[in-house]
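Reading through the structure tokens given below for one structure.
The numbers here are math on the coordinates, done by the rules we state, and not lab data. Small disclaimer: the values here were computed from a predicted structure and weren't measured. Using ideal geometry, Cβ is built from the backbone for each residue, glycine included, and neighbour counts are taken over all protein chains shown.
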Amino acid sequence: MTLHARLACGAAMSLILTSGALPALAQSTDTGEVLQLDEIIVTAEEQIKQALGSSTITAEDLEKQPVVNDVAEIIRKMPGVNMSGTSSTGQRGNQRQIDIRGMGPENVLILIDGKPVLSRTSVKMGRSGERDTRGDTNWVPAEMIERIEVIRGPAAARYGSGAAGGVVNIITKQPDHDLVQLGFKYDMPESSLEGATQRYNMLWAKRISDTLSFRFSGNYNKSEGDDASINASVGTCETDSTTGEETCSYDAGMEGVVNKDATLRLSWAPTDTDKFDFDLGYSHQSNEYAGDTQLGGRVTSTGDSTVDALADEGAETNTMERSTFGVTHHGDYNWGRTMNYLQYEHTKNRRLSEGTAGSSEGTINATDTWDTAILDAVAAKSEAYIDHYVLGRPSAITLGAEMRWERLDLSDYSSFSSLTTEDGAIDTANADPVTEQTTLGLYLEDNIQWNEALTLTPGLRVDYADTFGINISGGLNASYALSSEWTLKGGVARAFKSPTLYQLSDSYVYSTSGNGCPYPYYRNGPCYVIGNSDLDPEHSINTEIGVAYSGANQINGTLTYFHNFYKDKIQAGTDQVGTVSIYRNGAWTDARLYQWTNIPDAEVSGLEGSFAAPLAQNLSLSVNGTYMISSKQKLHIDGGTTTSGTSYDAIDIEVPLSLVPKYTINASLNWAVTDRFTVTPSLTHYGKTKATSYSGVTGYEASDTTDLGSYTIVNLGLSYEFENGANVSGGVTNVFDKSILRSGDGANTYNEAGRAFYVGLTKTF
């Protein structure tokens with residue numbers, strides 16, 4: 001299917017749902033009498049946002065809590081949410097992203113104004129599933145956000161591919177009157193080894209006429225990287241027996257990041273029932289390198305490697321350019337409401353050339369050779385919300401159609417291994433560097449007020465992809481009012497995730513001379529992992545059940561049990577699929593061949609709870625917590641005989657899905673000292689994080705046994721709102737200076753920044 005045809009298909013879906021062919025508001029009852037339905041206030045989508053697994057972060061929350069660089073810092077404080085790398089190995093440990101209910105960042109769908117953000121998928125995926133990316137939550141500065149909706153568990157299944165863990169929807173500000181807003185933020189760490197942050201932004205909104213208005217936003221955000229020696233005190237040192245010279249090596253700290261963002265929205269409301277938004281956006285995100293590598297290569301005190309030199313310089317080693325164009329239509333008619341959008345997203349991922357095989361994979365090996373991956377994506381959606389009756393009961397139905405097209409171009413990406421077999425059956429050097437995937441989805445969701453106590457929200461979604469065929473998902477959410485204060489809520493749903501373009505690609509090859517070979521061939525290569533066009537989508541059965549309390553004294557609380565049964569997770573295969581003859585070291589030799597494959601089973605389960613209550617007229621408490629009961633992925637490797645005739649036993653492997661604490665507790669006090677002055681002390685307590693193996697190849701037993709112990713981070717925020725439209729904020733993060741140093745030992749895979757002081761100013765004219 002051509003791009004033109006895909007765009008036409010998306011436009012056709014929008015026209016179908018916005019045409020007059022949709023049912024009228026009045027419907028016939030069983031007696032044949034025609035009645036005019038009363039307005040149904042709560043749609044299926046709104047009901048889902050009231051589910052146990054749903055949280056909202058408001059603009060006011062963002063003003064009270066410090067955001068140093070990325071709103072992920074605040075999102076992580078929601079129930080069921082943490083931050084982790086894209087694999088459980090701890091590789092790229094400081095590149096942590098939002099992780100919902102332990103399902104890993106790859107199962108969290110990021111939206112901006114309801115539209116998918118896919119830029120991070122342009123970054124290549126390592127053999128253990130890791131990516132060298134900060135994720136997609138940092139394209140919008142905190143000052144430009146109206147609210148953030150976080151949806152977890154079964155309620156997220158309606159959003160399609162990538163939402164098996166949950167959805168984060170970042171809603172930007174859309175002022176309804178003329179204004180200019182200027183913002184400034186500065187964050188200064190106490191330690192000279194940690195990087196400072198400065199952010200400047202503006203928002204300009206103006207009404208041109210009764211039907212036309214525009215919004216412009218601009219942002220510059222710079223967070224300096226950590227000093228290259230920040231983790232030196234927990235590194236390892238060796239002394240040369242001949243020269244007596246000592247050489248120390250240590251893991252990299254957090255790299256810096258520079259964001260330059262600009263957006264323009266033109267809003268046109270030609271009638272009282274129709275509104276169109278035309279959006280243009282451009283973002284340039286670059287790093288300040290701190291020395292991170294993929295497979296444990298470390299910064300050294302001698303400074304004689306390419307990595308050392310780039311880390312000492314804080315050089316720019318990768319950039320991400322994201323451009324978007326979108327058109328959105330909102331309609332409000334007698335028979336119901338509609339929402340339609342069409343968005344084009346272009347990402348240019350450019351980075352210094354990296355090693356392609358074995359222990360050097362993911363290590364920068366040149367300062368003047370750049371690789372580029374181009375990701376183009378088109379997303380279209382059309383939804384209609386219609387009030388009607390089901391078996392005489394009032395309900396609000398949502399009908400939707402969605403299209404997503406992705407195209408990954410690796411023509412200018414030379415840092416991949418090449419695999420050419422003697423028989424010519426495999427020749428990745430001449431393979432098509434472009435990989436595409438198109439998914440079309442139809443879904444239906446109904447919010448049925450069964451009686452005064454019971455509300456049912458069934459849903460069904462059918463997707464077709466040109467890579468894996470048909471996938472059926474959906475589920476049922478329910479809410480039952482036990483009393484005026486207590487409500488029982490629960491749900492079950494089937495969610496899915498499409499294979500990534502790297503996993504499907506004929507060009508992307510992982511190779512190793514031996515150290516990266518799976519059991520039982522460790523140190524006995526060469527081994528190759530190639531793409532697999534026959535992958536099935538990942539899917540999970542997500543369930544949750546719990547209670548919610550809402551008392552007359554503004555006391556609110558929830559307690560939820562969740563369980564996700566994860567099937568067909570995609571990872572680099574451990575069962576050899578064949579032996580191929582390749583030309584190596586001047587002769588033809590046998591190499592072992594593996595593919596990306598679906599593994600049978602994985603699961604996560606846990607408890608989430610929240611509590612909020614006023615303690616006094618001007619003082620309120622908010623607490624939430626998450627406890628992980630289980631997090632594991634299972635893999636079985638059959639026993640057999642190696643090519644050399646050595647027998648090996650079957651093994652069963654069990655490792656966590658992602659590296660998150662056993663439990664997390666977030667608490668904050670909101671003290672309104674006056675109508676304008678607010679003090680917000682808060683804390684987050686992290687339980688123990690259990691260590692897991694880095695390599696996953698040496699018999700699959702944890703080679704690092706050091707767990708990361710529990711620790712607590714305390715923050716203090718102050719905010720004052722002046723009568724002239726100025727808002728001043730300030731405070732201290734990590735008041736008691738509980739820093740964590742990354743040591744590469746067990747679960748110590750990331751840096752937790754120490755004490756820092758911040759000040760911010762926002763002025764609205």
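The order of the peptides 706-718, 55-67 by mean Cβ neighbours within 10 Å, most packed first, is 55-67, 706-718.
Under 18 Å of direct C-alpha separation, and excluding same-chain neighbours fewer than eight residues apart, LYS64 reaches these lysines: LYS77, LYS173, LYS185, LYS763. Each residue of region 350-358 was assigned a 3J(HN,Hα) from its phi angle through the Karplus curve 6.51 cos²θ - 1.76 cosθ + 1.60 (θ = phi - 60°); the sequence is 10, 8, 4, 4, 10, x, 10, 8, x Hz, with glycine and proline shown as x. Summing +1 for each Lys or Arg and -1 for each Asp or Glu among the other residues whose beta-carbon sits under 12 angstrom from that of ASP178 gives +2.
Measuring nothing but how far apart in sequence close Cα pairs (under 8 Å, 6+ apart) lie, relative to its length, the chain scores a relative contact order of 12 percent. Using the rule -39500 (n - 2.57) for each DSSP H run of four or more residues, divided by the residues of the chain, the 222 nm mean residue ellipticity is -1500 deg cm²/dmol.
Measuring nothing but how far apart in sequence close Cα pairs (under 8 Å, 6+ apart) lie, relative to its length, region 345-435 scores a relative contact order of 25 percent.
Judged by the mean number of other Cβ atoms found within 10 Å, the most tightly packed of the peptides 142-152, 446-456 leads the ranking 142-152, 446-456. Each of LYS738, LYS124 has some number of other Cβ atoms within 10 Å of its Cβ, and from fewest to most they run LYS738, LYS124. Averaging the Cα positions of each part gives two centres, and for region 455-476 and region 565-581 these lie 26 Å apart. Relative to the dominant Cα principal axis of the chain, helix 3-18 is inclined by about 30°. In terms of surrounding Cβ atoms within a 10 Å radius of their Cβ, PHE184, PHE468 rank from fewest to most as PHE184, PHE468. Taken as Cα centroids, region 344-414 and region 66-115 sit 17 Å apart, rounded to the nearest whole angstrom.
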